[in-house]
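Below: one structure, written as structure tokens.
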Amino acid sequence: MEIYSTEEQQVEAIKSFWKEYGTSIVVGAVVGLGGLYGWNTYSDMKVSKAEAASVAYQQLSVNLADEAALLKAAESFKAEHSQAGYELLIELMVAKSAVDAKDFAKAEESLKKVIAAKDAAALGSVAALRLARIQAEQGQQAIALSTLDAVTDPAFDAQREEIKGDILASQGETDKAKAAYQAAMDKSGISASPMLKMKLDNLNQA
């Protein structure tokens, strides 16, 4: 089941940003507090931990195709590192691996952890979009629509409306599906999803 499409680029952008600037942000925040010896020691400790977490995350990524290995590595990462940003990205990785293995219960569990996390920001919206697709694929359309209602970040409006249109179309709610697809088009969804216009045209022809 293909559930990772338009928002995948946004996740990659977040991952790239964290990889490139995560350590610098930690260092800048700590060093900026002053030149006291205690803060210098604290700075060294934080940088060391951030670098170790970065290396561990990269190593963990190679297990993506093996759900069992990935789950084991993810648990080890959580036990050894306290890096909330990486932990959320790992939960998304676990969810993707679980979906590939048809373990939808595990996928939902991981995605809900991201959604519930404090300061999840854009990742929370990505997780909600993916969760809604999984729920819809399992015949839980009403629940999926409710999950989509929780996506309020304007950056994900187009994706939310397109998925909503897919769900409504599968339920035979043609007019509502058209409205959702049109809303996605109005929010420039066509630039991220070339299939969007085709979906709307098919409904109009029907």
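The values are calculated or read from the model by the stated rules, or taken from the named source; none is laboratory data. The shown structure was predicted, so the numbers you read here are calculated from the model rather than taken from an experiment. Heads up, the Cβs are rebuilt from the backbone with ideal geometry, glycines too, and the neighbour counts pull from every protein chain shown. Surface accessibility is based on the protein's heavy atoms, side chains included, excluding ligands, DNA and RNA. Shrake-Rupley method; radii C 1.70, N 1.55, O 1.52, S 1.80 Å.
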* To do: Mind listing whichever residues of segment 151-160 are aliphatic (A, V, I, L, M) and open to solvent by 20 Å² or more (accessible area, probe 1.4 Å)?
  => A155
* Asked: Any residue in segment 56-69 that is at pLDDT 75 or above, open to solvent by 40 Å² or more (accessible area, probe 1.4 Å) and at negative phi?
  -> no
* To do: Would you confirm whether any residue within segment 110-118 is hydroxyl-bearing (S, T, Y), open to solvent by 10 Å² or more (accessible area, probe 1.4 Å) and not in a loop (DSSP other than H, G, I, E, B)?
  => no
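To keep it simple, each residue is scored yes or no on (1) modelled with pLDDT of 95 or more; (2) more than 24 Å from D186 (Cα to Cα); (3) open to solvent by 30 Å² or more (accessible area, probe 1.4 Å).
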site	(1), (2), (3)
G124	no, no, no
A132	yes, no, no
Q135	yes, yes, no
S146	yes, no, yes
D149	no, no, yes
* Could you list all residues from segment 161-206 that are of a type in the set (K, R), at pLDDT below 95 and either under 20 Å from A128 (Cα atoms) or buried (at least 21 other Cβ atoms within 10 Å of the Cβ) (or both)? => K187
* Does segment 127-142 contain at least one residue that is touching a helix residue (DSSP H, G or I) at 6+ places or on another chain (Cβ under 9 Å), assigned to a loop (DSSP other than H, G, I, E, B) and hydrophobic (A, V, I, L, M, F, W, C)? -> no
* For G172, state whether it is among the small types (G, A, S), farther than 29 Å from A98 by Cα and not in a helix (DSSP H, G or I). => yes
* Structure fact -> Exactly one of L148, L88, L111 is aliphatic (A, V, I, L, M) and in contact (Cβ under 8 Å) with a residue 24 or more places away in the chain, and that one is L88
* Do you know which residues across segment 91-108 are free of Cβ contacts under 8 Å to residues at least 40 places away in the same chain and either assigned to a helix (DSSP H, G or I) or closer than 21 Å to E161 by Cα (or both)? -> E91, M93, V94, A95, S97, A98, D100, F104, A105, K106, A107, E108
